[in-house]
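What follows is a set of notes on a single structure, which appears directly below.
The values are calculated or read from the model by the stated rules, or taken from the named source; none is laboratory data. What you see is a predicted model; the values in this text were computed from it and never measured. Neighbour counts are summed over all protein chains in view; Cβ atoms, including those assigned to glycine, are modelled from backbone coordinates with ideal geometry. Accessible surface is based on the protein model in full, side chains and every heavy atom, while ligands, DNA and RNA are left aside. Shrake-Rupley method; radii C 1.70, N 1.55, O 1.52, S 1.80 Å.
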Amino acid sequence: MYLKELRYYFSTPIAYIVIGLYLLAVSLFLWVIPGEWNIPDSGYAQVDGLFSLSPWLFMLLCPALSMRLFAEERQTGTWSILRSTPIPLWKIVTGKYLAAWTVVVLAQLPCIVHYFIVYRLAEPVGNIDSGAFFGSFTGLLFLSAAFTAAGSWASSLTKSQITAFIIGLVCCFLLFYGFDLAASMLGTSSAAGYVELFGMNSHYKSMSEGVIDLRDVVYFLSVSLVFVLLTIESMKKK
């Protein structure tokens, strides 16, 4: 199922278009468009803009890639055929999810080029915090895993791919900023503690410091697993 889904992505323009748009947007914001993410404007040998910008782009990228996983199967009527095969439901759901996440990971890998460009441009050459970069990059991988799982769950709720995309987009936004927004409205110390414990943005920022904390890894894996299990339960009812 994993290989079947992966072949589908790259036998159609979907993966190429989404990956191309993501890489184009990253390159434009980092090197061309003036602003807080622009590397030349910052005057520092760092790629922090990539890790501030990518969560926003992932809120579009991950739901866009995962919206068809189950919505399209149900819309075209092929889901009943797929369920008649001896493949267990959990393998179908997991295979589809991992295929979508693989495409997201492949979209991220070319972004390492920006690190090497800044590495060469730095004075002296190589004067860049490599630990912070690769720690943040690892955080992006975990973040995309959670967002893709949320998008897969959204796809299991409806037959409409557009509706699945919108649900996935809202879900990703609430996952990343929901606790921060709630804490800012409550303005209490206990709320800040909940943000640190459950807020995805908080765990992502922690990994962006270049230190891979086991608590952050467990958090992202747990969120991804919960949404995969929710997808399985949702598709059981279809």
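Descriptive notes on the structure:
- Pairs of lysine residues in the chain - Cα separation under 16 Å, sequence separation of 8 or more or cross-chain: 7
- Tail fraction, Cα-Cα pairs, segment 88-168, threshold 19 Å, whole percent: 52 percent
- Over the chain, volume per residue of the alpha carbon convex hull, in Å³: 138 Å³
- Using the Cβ-Cβ distance between residue 7 and residue 109 with R0 set to 25 Å, the FRET efficiency from 1/(1 + (r/R0)^6) comes to roughly 0.85.
- By a 1.4 Å probe calculation restricted to protein chains, residue 16 has an accessible surface near 130 Å², given to the nearest 10.
- Charge context of residue 115, other residues only, Cβ under 12 angstrom, K/R +1, D/E -1: -1
- Relative to the longest principal axis of the Cα atoms of the chain, helix 2-11 runs at roughly 70 degrees.
- Compared with the dominant Cα axis of the chain, that is its longest principal axis, helix 130-155 is turned about 20°.
- Average accessible surface for the chain: 49 Å² per residue, computed with a 1.4 Å probe over protein heavy atoms with every protein chain in place.
- Cα Rg, Dmax (largest Cα-Cα span) when computed across segment 1-142, Å: 18.6, 62
- Heavy-atom accessible area with a 1.4 Å probe sorts 198, 58, largest first, into 198, 58.
- 0 to 90° range, to nearest 10: angle between helix 214-236 axis and the chain longest Cα axis: 20 degrees
- Rolling a 1.4 angstrom probe over segment 77-168 with all protein chains present gives an accessible area of which 70% lies on carbon and sulfur atoms.
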